[in-house]
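The values are calculated or read from the model by the stated rules, or taken from the named source; none is laboratory data. Small disclaimer: the values here were computed from a predicted structure and weren't measured. No Cβ is skipped: glycine too gets one built from the backbone with ideal geometry, and neighbour counts run over all protein chains shown. The protein model used for the area step is the full one, side chains on, heavy atoms only, and it has no ligands, DNA or RNA in it. Shrake-Rupley method; radii C 1.70, N 1.55, O 1.52, S 1.80 Å.
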Amino acid sequence: MRSNLNPEHTAFVIIGAAAVLLAQSIFLFMDARKHGHNHWLWGILGLIQAPFPLLVYLLAFRKIWKRGKSFEH
């Protein structure tokens, strides 16, 4: 099956995807280390795919949806 992308566009897509994955991985690694989570795991997961590891980290471990709410003990 023939692709509609020429080799120049294919290279830009691959470089763009690599840049997104690397940026996500660096952010997850640094933020997980700062907050005491397993930073190596999150850094490696950030290299595998985007944006699922970032969403899981932000929603499950950083609990960003609870910001601004006050909880009484």
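Label region 5-47 by shape, choosing from rounded, prolate and oblate, from the square roots a ≥ b ≥ c of the eigenvalues of the Cα gyration tensor; if a/c is under 1.5 it is rounded, and otherwise prolate applies when a/b is larger than b/c, oblate when it is not.
prolate
Figure the gain on full extension for LYS63 and ILE48 (residue separation times 0.36 nm, minus the Cα-Cα span) and round it to one decimal in nm.
The span from LYS63 to ILE48 would gain 3.2 nm if fully extended.
How would LEU5, LEU54 rank on accessible area, largest to smallest, probe 1.4 Å?
LEU5, LEU54
As an exercise, use a Förster radius of 30 Å and the Cβ-Cβ distance of LEU41 and ILE14 to find the FRET efficiency, rounded to the nearest 0.05.
Once the sixth-power term is evaluated, E becomes 0.70.
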